[in-house]
Each structure stands twice: as structure tokens, then as C-alpha cells.
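Please read the structure below before turning to the comments.
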Amino acid sequence: MNAQEIRDTFIRFFESKGHAYVPSSPIVVKNDPTLMFTNAGMNQFKDYFLGNDQAAQTRVANSQKCLRVSGKHNDLEEVGVDTYHHTMFEMLGNWSFGDYFKKEAITWAWELLTEVYKLPKEQLYVSVFGGDAQDKLDRDMEAFGLWEPIVGADRIIFGSKKDNFWEMGDTGPCGPCSEIHIDLRPAEERAAVSGYDLVNADHPQVIEIWNLVFMQFNRLADGSLKELPAKHVDTGMGFERLVRAIQNKSSNYDTDVFMPFIAHLEKRSGIAYGKEEKTDIAMRVIVDHIRAIAFTIADGQLPSNNKAGYVIRRILRRAVRYGYTFLQFDQPFLHELMPLLAQNFGKIFPEVAAQEAFITKVIQEEEAAFLRTLENGLRLLETLTTKLQAEDSRILPGAQVFELYDTFGFPVDLTSLIAREQGFSIDEAGFQQAMDVQKNRSRAAAEQETGDWVVVGQESSSTFVGYDHSTRETVLTKYRTVKEKKHTRYQVVLAETPFYAESGGQVGDTGWLTVGTERIHVLDTKKENDLIVHFVDKVPGDPSQPVYAEVDTARRQLITYNHTATHLLQAALRQVLGEHIQQKGSLVNERLLRFDFAHFSKLTEEELQQVEGLVNAKIRENIVLEEYRAMPIEEAKAMGLRPFLEKNMVTRFV
């Protein structure tokens, strides 16, 4: 099987078991403050696990785009050095939301791997949770009992909490897991040393391919575990590792997922893959990173100097640096891989093929800018080393290495490499000290302690009624305390709310909650997954009393004007500049609107005047309002709607 056939087989198998196929959610997370990027297949289903929302289908399967370069799950430094870690990867998964549990998950996993994919049973091992005293959890004997008649007790390993208790982050849904490992060593090595002893021992040929997670708990902020309202199954199988196992390769990069890209780099550089470790690592870094870069741009995150945008810029610069240093690429080269990417991944992730030209241009411009930075950095380094030679010193001061990194974007590992080539070393302790000072300053500025939710009465999801109402009689379902550097705030959730939560660049509503004689100021409204969270200055003395929620309608009306103007502006820009114009970010508040988009050149004065004229003309038409809700997206497209949506249903458009 080639890679596409392997992916299609997985989806068809679980469709035959009553699962609905669900497209991948965007790799950039918008409504979950605990995550910057989607790092696991279950992210888009988090609210189903927590009981905040009800799943339309209780069995689903998909291939989810994931990125692990920050936070708890961070594989960046291993990428390219070993043969099985990646930044962006596909997570094949099947889920049960309160439907089947361990028995079906285990039985179907074994059936797919051994009967459909024909992986050799004698090379497979499984691990189950071995318990944890701190969390007061026993061994998972239920999973052991299900596996024993399938694989035998001699192929089951009891794993630690680190290996066999899956958690998405510091808080949130979690539970014991059962991993399936495959021993890909040659037969003579397998005969000499049992694969049993190499499971979870970081052996590059004895690797985990599938993790069956049994979601039973919610990890609270105080570290304790709380039983979830229902038991769920969340499985994740690394697509790249599965392809490697089926195609019997010694490296993920030797499969047809990556080899077309490596072949391109071989041809362009004139350097053969497999001949020298440092050039091999460079090629692996590049072919891995181009996917992460392209998929995040396709999902609306442009490289920038902060947050998610900075992570993508760092990945892009890491790829450029490896190409520059080890493959002698002194001109932009990453963007040349985009046609291959669109060709190989356009079927499962059509957004990449649809935006190929735009993504190519963004990457090319970023490459060109960083290559200039490299040249500037080299000149600064030359000046510094000349000065040090005159002073008979061979150590680059840490503060100046940090300045190159922080001010000029010059990677410290490249500084170290160039320094060694010229007989210098860098003051790593001094660099780390300067880095720690900056980190501590940033951490202190953003420090926040969020308490656990306190449930009032019966917990339920929050329903937005603000399209039709600006006030509502409702009840408070839960609240929590948020301690920041200078003050303490509170977050509350209402059963029904007229308050619009910040989304799509539009700021959240403000207003008031009246409880008895108390009048509480709503300072902001945001989404956390599918919850609508109200930021308030205090919690009512009796949270169980009825709540009268009232939006500041004068402020909302001003926001509404700017929201409408944003859509008019986008239409005008597309008419003047071309169909490639897409919203990449925005800010809409009561004072102004900001519209982010990418274009190949700065707008001329004439173009600006054309855009302004078109927007003003459309405003003066005073078009009568027409509104449609809960419409299937294909029907909306047929009416002329241009969708930039994450789900397959248009909730509302006018």
C-alpha cells in the first residue's frame, strides 16, 4: 500500500464499524486558552469528553493535523535528528463518546493491524497502565484481561504513569491508555534480544504506533482527578509511523510520505541522501518542517513575532538555517516544495491545494527576509570575532549572543556553529542567563492562576441567544476565580446568555448581571471550547439565585457597524486586488476595525481609493437585511456565500 491507500483503508475500516468520518479541525486552536496548536486528534472533541456538549454521532473517525512544538508535548529538538519524531504529523483516530469502551477499541485495533494491514503478530507488543500511588489508581487489569487472550501475558507490559496515562495538558480530560508497539528490527536482532525489553526504551526500531486512551477522568487545576460524566474512547495512531511499519522501512522518512520531497532536495542540492549524517538531518528537518509551515498558513496563521505566529516563524527559520548551512541553499528554496505538498496532501486536506499559490508566496517572502537576516548576522559576527581576536579572546560573550538571537533573529545554534568553525566558543551560561531574565520578565507580566470550576446546581452547556435578545432571565451554572498579577477576577457561565463571546476577531460583549439587588459588571466575554465565559468583577453572594443578563447595546451596535464594514472591506479588496485575498486575522471593536490579509505588494494610493469608494458605495445602497440560519454549507455556497468556516454548517449569515 502507498501512503494514501493506508490512510483511506483506516477510514473505510472504521466506517464499516459504524463510525462517521469527520474532517480534520484546523491545526491552529482559536477557542481553547490551554492550547496554541492542535496537538492530538481529540482536541476538537474535548467538550464531548467534559460533558459541555453533546456529540451528533457517538462514533467518529478521522485523520487530524497535529503540531507538537510547544508546551507539554514538544518534539522540536528531536525532529530530523532521529527518524520518527515530527513537528506536524497526522493522527489517525477513532472515538467513542459514551458508546463502546475498552473491549471494542482493543479488538478492532488488533483486527485492523493484523488482519487488514497484515502486520506480523510476532512483532507486536502492548502496554497497559500499571497504576499510580500518587493518583490512587490501581493497575488497569480490565485492559490486561482483554489483551491476554489476544497476545499472551508475555507480550503485555505494565507501564508507568508517564507512558500509560494520557493527558492532553496540565488540566483537562485524561485516562489510562494501552499502547501498541512494533519491533521493526531485523530478524537476527529480534532473535538475540526480545522486543519486550525494548518497549518504551527509546529504541529507534521498537516504536509505539497506536495509543488507545480510555477517557475516564478530568484533571483539575489542583491536580486531583474527577470522574467524567461518561466513559469515552480516544485512540491515536501516528500515520507516518504506521506507513513506515507497513512499508517495512527503517525510518519514517524513507516512506512515500517524505521521499518525493527528499528526492527534490537531492536534485536541487546535488547531495545524495544517506551519505552523510549532517546533510541527512538537514533534509529530514526541511521535509518535516515544510508541512508544519504550509498547514498552519493554510489554516490562517501567518508567521509573525508573537504567539502562534512566532512558533511558525521559528520552524520556518530552522528549516532555512539547515538548508543554508548544510545544503548550501543561499536563495529561497522551501517554497519550491509547495507543488509536491499540494499534490500529495490535497485530497485529504483540500485547503492546502486551494491556497497553494498564496502559501507559496508567503513562504518565499519569509525565506528571503530571513536569508537577509543571516547575512546581517554573519557581518555582525565577523565584526565581533575580529574585535575579540584583537583582545586575544576566543569566547563570544553570552549577552551579545543573546542580542543576535533576540534582536536580529539569529539562531543561537547557528552562532555556535560558525563560532566553532572560526576557533571560537560561545558563553552558553551567559546566554542562558540573558534568556532566563527575558523569560522571567515575560512570565511575570503574564502570570495567572486559574482555579477549578465551582458548579452551582446542575452543570450544563451554555446557549447563546444574543442574535435575538440583548437581555435574558437565566441562571449561573458554574464559576471560578482567576488571580492575576495586580487583581483578582472571576469567570462565570450562564445556562443561556445574550452576551457574544469574542470570536473571528470581534471582541466580546460587555454589560451587567443583576442578581437580587447586586449589579455585577461583565468586563468581557470569551469562548473556552464550547463554553461562553463571562469575565466579571465579582461573584454574586448567592450564585443560585436567578440572573438577569443585560448586554451594553450601545457598545454592541457600534461593534456591529464595524463588523459589517469588515465584510464590505474584504469584498472590495477581492474586487480590486484579486480573488487570492483572504482574511488572515482581524480586530473588530466599538472604535475601529483592523483587517489582516496577505498581498504580494504594498497597496498603491489609487488602489486604496478604489477600495474606499467601493465600500462607501455599498454602505449608501442601504441593503435590506436578509438572514439565514443553520444552513448546510453546500446550500450556502450555492447562494453565493464565501465560507471561511471550520464546520460543515453555516450557523448564521446575513
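Taking the range 415-452 on its own, how many of its residues are part of a loop (DSSP other than H, G, I, E, B), modelled with pLDDT of 85 or more and either under 25 Å from the mean Cα position of the chain (by Cα) or hydrophobic (A, V, I, L, M, F, W, C) (or both)?
Adding up the residues that qualify gives 1.
Could you check how many residues of the range 251-269 are within 28 Å of the chain's Cα centre (by Cα) and either of a type in the set (Ser, Thr, Tyr) or under 21 Å from residue 117 (Cα atoms) (or both)?
So the answer is 8.
Pick out, from the range 505-602, the strands (runs of 3 or more DSSP E) lying fully within it that include 2 or more residues that are among the aliphatic types (A, V, I, L, M).
511-515, 518-528, 531-536, 547-551, 585-588
Does the range 472-504 hold any residues that are in contact with a helix residue (DSSP H, G or I) (Cβ under 9 Å, 6 or more places away or on another chain) and at pLDDT 85 or above, and which are they?
Hit for the range 472-504 is 500, nothing else.
Could you list, in sequence order, the residues of the range 366-405 that are under 30 Å from residue 601 (Cβ atoms) and in contact (Cβ under 8 Å) with a residue 24 or more places away in the chain?
366, 367, 368, 370, 371, 373, 374, 376, 377, 378, 380
Go through the range 321-336 and give me each residue that's over 14 Å from residue 268 (Cβ atoms) and either buried (at least 21 other Cβ atoms within 10 Å of the Cβ) or among the charged types (D, E, K, R) (or both).
Listed by number, the list holds a single entry, 321.
Out of all the residues in the range 183-200, which are over 19 Å from residue 242 (Cα atoms) and either hydrophobic (A, V, I, L, M, F, W, C) or buried (at least 16 other Cβ atoms within 10 Å of the Cβ) (or both)?
187, 190, 191, 192, 193
Checking residue 508 against (1) free of Cβ contacts under 8 Å to residues at least 60 places away in the same chain; (2) under 30 Å from residue 406 (Cβ atoms); (3) among the small types (Gly, Ala, Ser), only one condition comes out false. Which one?
Among (1) free of Cβ contacts under 8 Å to residues at least 60 places away in the same chain; (2) under 30 Å from residue 406 (Cβ atoms); (3) among the small types (Gly, Ala, Ser), residue 508 violates only (2).
Go through 321, 268, 313 for me and flag whichever is touching a Ser or Thr at 6+ places or on another chain (Cβ under 7 Å), of a type in the set (Lys, Arg) and part of a helix (DSSP H, G or I).
On inspection, the qualifying residue turns out to be 313.
Any idea how many residues of the range 484-502 are touching a residue at least 40 places away in the same chain (Cβ under 8 Å) and loosely packed, with under 15 Cβ neighbours inside 10 Å?
1
Do you know which of the residues in the range 549-597 that are surrounded by fewer than 17 Cβ atoms within 10 Å (Cβ to Cβ) and of a type in the set (Gly, Ala, Ser) is nearest to residue 493 (Cα to Cα)?
Ranking the candidates gives 554 first.
Kindly establish whether residue 92 is under 26 Å from residue 250 (Cβ atoms), more than 29 Å from the chain's Cα centre (by Cα) and in contact (Cβ under 8 Å) with a residue 24 or more places away in the chain.
Against the criterion (under 26 Å from residue 250 (Cβ atoms), more than 29 Å from the chain's Cα centre (by Cα) and in contact (Cβ under 8 Å) with a residue 24 or more places away in the chain), residue 92 does not qualify.
The values are calculated or read from the model by the stated rules, or taken from the named source; none is laboratory data. Keep in mind it's a predicted model, so treat the numbers as computed, not measured. All Cβ positions, glycine included, derive from the backbone under ideal geometry; neighbour counts span all protein chains shown.
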